[in-house]
1. Considering amide H positions built from the backbone, and no H for Pro or chain starts, which residues 5 or more places from Ser19, or on another chain, come under 5 Å of its amide H?
2. Return the sequence-ordered ³J(HN,Hα) values of the range 31-38 in whole Hz as given by the Karplus equation 6.51 cos²θ - 1.76 cosθ + 1.60 applied to θ = phi - 60°, using x for Gly and Pro.
3. Sort the following peptides by mean Cβ neighbour count (other Cβ atoms within 10 Å, averaged over residues), highest first: 56-66, 29-39.
Amino acid sequence: MVDFYKTTHTKHRGEIHMSPSTYSRLINFLQEELAISPACIGVALRHSEQDPGPLPMILWQYGLITLEQLDLVFDWLETA
């Protein structure tokens with residue numbers, strides 16, 4: 001997994017950082033609520049190693065989630 005997401009749950013210069021617990025809950029949300037497959041999440045994680053960025057944005061940029069799903073993820077992150 002990417003260390004970028006394992007720090008704290010704060011925004012710094014537009015970047016989203018989160019604790020390991022929140023990161024695990026995000027992965028669970030993606031899989032359980034949005035039905036994003038582990039394979040899609042794996043693809044995004046591999047891409048994030050070469051082109052770092054927030055996991056939700058990478059999922060969207062590579063067409064693995066829709067814009068509507070991206071909005072749901074950001075809504076979830078605001079309350080996580």
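What follows draws every value from the coordinates through simple rules; no lab data is involved. Because the structure is a prediction, the values reported are computed rather than measured. Cβ atoms come from the backbone with ideal geometry, glycine included; neighbour counts cover every protein chain shown.
1. His9
2. Along the range 31-38, the couplings run 6, 7, 8, 9, 6, 7, 6, x Hz.
3. 56-66, 29-39
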